[in-house]
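The values are calculated or read from the model by the stated rules, or taken from the named source; none is laboratory data. Computed from a predicted structure; not experimentally measured. With ideal geometry, Cβ positions are generated from the backbone for all residues, glycine too; neighbour counts draw on all protein chains shown.
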Amino acid sequence: MIKSYKLRRHVANGLIYLILAILGIIWISPFVYLVMHSFRAEGLIAVDDYLIPHEWTLQNYIDLFTGAGGNASINFPRWFLNTFVVAIFSCIISTVSVLMVSYAFSRLRFKSRKKFMNVGMILGMFPGFMTMIAIYYLLKAMNLTGTLVALVICYSCGAGLGFQISKGFFDTIPRALDEAATIDGATKNQIFWKIILPMSKPIVVYTVLTSFIGPWTDFILAKIIMGDNLDNYTVAIGLQKMLSNDFINTYYKQFLAGSVVVAVPITLLFLKMQKYYVEGVTAGGVKG
Amino acid sequence: MKKILAILMAGVLTATAFAGCGGETSNASSGSSSNSGSSSNATGVNSSTVDYAYFGEEDNVKLKVWAPDAAVNLVKKQIEEFKKTYSEKTFDITVVAQGESDAATQMLNDASAAADVFSFPSDQLNKLVDAGVIAPVAKGFKDYVTSENSEDTIKAGTLKNSDGEDTLYAYPETNDNGYYMVYDNTVVTEEDAKTLEGTLAACKKAGKKFIFDAGDGFYACTFAFTAGAKIDGLEDDGITQKFVEYDEDEAVKTLQAFAKLIKEYKGTFTSLNVKNVASGFKNGTCGAGIDGSWDTKVNQDSLGDKFGAAKLPTINVDGEDKQLISMFGYKYIGVNGSSKYPNSAQILALYLSGEECQKQRTEELGWGPSNLNVQKDKIVTESAVLNAIKDQSQNSCTQVNIASTFWTPMGNLGNKLVADEWNPDDADATRKLLKDTIANVRDEG
């Protein structure tokens with residue numbers, strides 16, 4: 001046994017750091033690979049003999065945005081813009097609706113409030129792709145398949161069901177504030193916008209972040225809705241298209257570059273709102 | 001109460017999901033009913049351009065065409081010509097890039113949202129016919145199409161319809177959907193390329209790879225076919241793969257010869273996705289590979305003057321050189337059964353599959369034509385690639401009527417044979433592997 005307490009602590013810490021470092025490397029290596037190879041100049045698709053590219057270039061990024069060296073059906077800037085627009089709209093709509101639903105469930109007392117909450121919970125438990133075919137045909141009946149509006153509808157309309165975390169947060173805000181405001185003559189609506197919302201920055205940020213990320217990462221639903229309408233693709237299905245047989249030889253490296261580019265808006269938003277984010281998640285979890 | 005609600009919600013959701021499926025079937029059936037309308041003009045044509053009468057009442061025609069990405073620009077050009085040819089009618093035709101390998105899947109997803117005219121490989125034909133989403137070639141066009149294209153493509157495109165009559169379901173587009181050997185001619189000589197042993201030795205000497213995708217049933221079936229276990233359409237039940245009679249001892253010997261050779265050239269013979277061939281040519285790590293006609297252009301670009309093409313090599317089994325037998329198919333242009341403008345779609349498909357368009361595709365894309373006249377053209381007869389493909393097509397099984405259970409067991413066979421731990425000298429294990437593969441393909445395992 002090691003006698004010295006100091007030494008023992010150092011050894012223990014050393015071991016812990018070693019394990020953490022290994023875990024960290026495992027976790028980060030795919031990202032490092034992705035970023036490195038997005039700057040690779042040689043080869044067409046994956047190179048399997050070595051990990052570090054031999055030649056470096058920015059050409060993949062330039063090609064990605066100028067569409068040089070390929071066919072017109074791959075249009076990454078357009079897809080990026082599509083996704084951005086869809087993300088903005090569904091972010092606004094779903095944030096507002098989630099917060100309103102949460103507020104109603106947290107503050108208002110009405111008949112079958114509990115039942116509605118349960119229904120919401122149950123519906124939320126079904127996997128999203130269960131209703132996908134139904135959604136497709138409903139959208140088709142409305143003549144919306146292949147449009148960005150359809151995506152906004154899909155991403156934002158069910159958002160209210162994810163009320164649990166924000167409701168948990170609202171529950172922690174003392175009701176005394178509501179009562180005071182009511183005495184001063186505020187309506188429920190005014191209380192929500194003027195009292196509760198300004199106090200709920202963390203949870204607003206949390207909701208904004210989650211609903212903004214959705215469209216960037218969703219694949220299945222977008223794929224089904226868009227079909228062959230390449231002009232309205234989002235980045236997720238667009239990037240996958242680059243890997244299909246027809247395209248992979250030309251676009252593999254651009255695909256890597258595209259994957260890096262997709263991370264940019266999400267990262268920026270996240271960095272900007274990071275300090276609220278952690279607060280939001282923990283605060284909402286206190287009383288669920 | 002909660003439970004009841006949960007069940008209720010689940011019920012509602014399942015019902016909507018089923019409603020979705022219901023929509024699809026009804027689409028498909030309405031599709032097949034409009035088939036008959038398109039073939040009302042049954043007088044027969046003798047050129048790829050037809051009389052205006054064939055359009056019937058259709059005008060202000062809106063059509064969507066699916067073409068593989070590489071062909072999109074050319075198809076657009078051809079459609080401009082098409083519009084000029086039929087200048088009395090107005091057209092609004094869009095061309096969308098859609099990979100052929102995915103065409104049937106996309107058609108079956110929702111035929112009414114799919115293209116009116118689309119190209120697809122031969123093995124998808126039964127799926128499309130079974131689902132009733134493809135309209136047969138219009139009666140008036142059938143004789144002309146049959147006389148213009150190679151017999152094999154017509155035979156493979158003809159299936160029995162629901163009344164049991166032989167029906168030509170699609171317009172032949174190419175006669176080249178298969179794989180052949182591409183090589184770097186500074187590494188492998190024309191003489192080397194004749195035998196698998198020679199090719200591998202040459203690659204090994206140069207320290208380069210020979211790439212063959214043994215894990216993909218499409219390529220790996222070469223092992224079984226060469227061994228003698230060739231396919232022969234489907235059994236009468238319409239789903240089970242039929243094999244020809246073959247000599248099992250001989251087959252086992254052949255598979256062992258493959259495994260031995262692979263073991264001997266470990267490090268040279270690599271089982272990788274075919275896309276690695278072009279990539280390997282480009283960065284100089286690949287000496288030769290088995291790749292398909294669809295990658296011809298990128299392979300040529302990667303190698304430049306060093307590009308060489310040949311039919312698949314032979315393998316030496318007990319002193320006898322055996323030709324490798326491959327899977328070979330065709331590509332077709334099909335007409336969507338639920339097209340809103342069935343006559344125009346047929347006329348467009350006829351035009352696009354016609355001699356002139358096929359010739360343009362051969363010139364610009366290097367596709368092997370199915371049209372008999374274009375086949376005689378010197379751009380075809382003098383093309384090394386198209387000759388290699390043609391030679392290989394004579395040593396192949398046709399990629400039509402393939403059971404859905406075919407690919408995975410074949411891929412498994414390939415994976416086993418190239419695996420490090422596989423013992424090529426173990427005849428019993430090889431025999432068992434072959435038997436299991438056949439049983440699994442026939443779904444008897």
Worksheet entry | Residue under evaluation residue B:335, criteria (1) more than 20 Å from residue B:125 (Cα to Cα); (2) of a type outside the set (D, E, K, R); (3) more than 14 Å from chain A (Cβ to nearest Cβ); (4) over 16 Å from the mean Cα position of the chain (by Cα), criterion not met | (1)
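Based on this model, can you work out whether residue B:316 counts as more than 9 Å from every other protein chain (Cβ to nearest Cβ), surrounded by fewer than 21 Cβ atoms within 10 Å (Cβ to Cβ) and under 30 Å from residue B:425 (Cβ atoms)?
yes
Only one of B:84, B:62, B:76 is farther than 30 Å from residue A:245 by Cα and either within 14 Å of chain A (Cβ to nearest Cβ) or at pLDDT 85 or above (or both); which?
Details: B:62 fails: farther than 30 Å from residue A:245 by Cα; B:76 fails: farther than 30 Å from residue A:245 by Cα.
So the residue among B:84, B:62, B:76 that is farther than 30 Å from residue A:245 by Cα and either within 14 Å of chain A (Cβ to nearest Cβ) or at pLDDT 85 or above (or both) is B:84.
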Response to the item:
Taking the range A:237-247 and the residues there that are surrounded by fewer than 21 Cβ atoms within 10 Å (Cβ to Cβ) and farther than 22 Å from residue B:111 by Cβ, the one that is nearest to the other protein chains (Cβ to nearest Cβ) would be A:245
Discussion item. Cβ-Cβ distance below 8 Å, separation of 6 or more or different chains: which pairs start in the range B:419-445 with a residue that is under 19 Å from residue B:228 (Cβ atoms) and end on one that is loosely packed, with under 14 Cβ neighbours inside 10 Å and of a type in the set (Gly, Ala, Ser)?
Written reply: B:436/B:445; B:439/B:445
Discussion item. If residue B:195 satisfies all but one of (1) buried (at least 24 other Cβ atoms within 10 Å of the Cβ); (2) in the same structural domain as residue B:282 (by TED's automatic domain parsing), what's the number of the condition it fails?
Written reply: (1)
Discussion item. Can you confirm whether residue A:32 is surrounded by 11 or more Cβ atoms within 10 Å (Cβ to Cβ), touching a residue at least 40 places away in the same chain (Cβ under 8 Å), part of a helix (DSSP H, G or I) and out of contact with any Gly (no Cβ under 6 Å at 6 or more places or on another chain)?
Written reply: no
Worksheet item: Regarding residue B:188, is this residue closer than 25 Å to residue B:307 by Cβ, buried (at least 24 other Cβ atoms within 10 Å of the Cβ) and within 26 Å of the chain's Cα centre (by Cα)?
Response: no
Item to complete: Kindly provide the set of residues from the range A:87-144 that are within 14 Å of chain B (Cβ to nearest Cβ), within 11 Å of residue A:160 (Cβ to Cβ) and not aromatic (Phe, Trp, Tyr), ordered by number.
Response: A:120, A:123, A:124
Discussion item. Please return the ranges of strands (runs of 3 or more DSSP E) entirely within the range B:89-177 where 2 or more residues are crowded, with 24+ Cβ neighbours inside 10 Å and in the same structural domain as residue B:63 (by TED's automatic domain parsing).
Written reply: B:117-121
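Yes or no, residue by residue, for (1) farther than 30 Å from residue A:63 by Cα; (2) of a type in the set (A, V, I, L, M):
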| position | (1), (2) |
| --- | --- |
| A:8 | yes, no |
| A:14 | yes, no |
| A:20 | yes, yes |
| A:23 | yes, yes |
| A:27 | no, no |
| A:32 | no, yes |
| A:39 | no, no |
| A:47 | no, yes |
Worksheet, complete the sentence: Reported set for the range A:43-56 where residues are away from chain B (no Cβ under 14 Å) and either out of contact with any helix residue (DSSP H, G or I) (no Cβ under 8 Å at 6 or more places or on another chain) or buried (at least 17 other Cβ atoms within 10 Å of the Cβ) (or both) is A:56
Discussion item. Out of everything in the range A:134-175 that is closer than 24 Å to residue A:207 by Cα and assigned to a loop (DSSP other than H, G, I, E, B), what residue ends up being farthest from the chain's Cα centre (by Cα)?
Written reply: A:174
Worksheet item: When only residues in the range A:228-246 that are touching a strand residue (DSSP E or B) at 6+ places or on another chain (Cβ under 9 Å) and of a type outside the set (Asp, Glu) count, which is nearest to residue B:273 (Cα to Cα)?
Response: A:241
Worksheet item: Is it true that residue A:180 is free of Cβ contacts under 8 Å to residues at least 12 places away in the same chain and assigned to a loop (DSSP other than H, G, I, E, B)?
Response: no
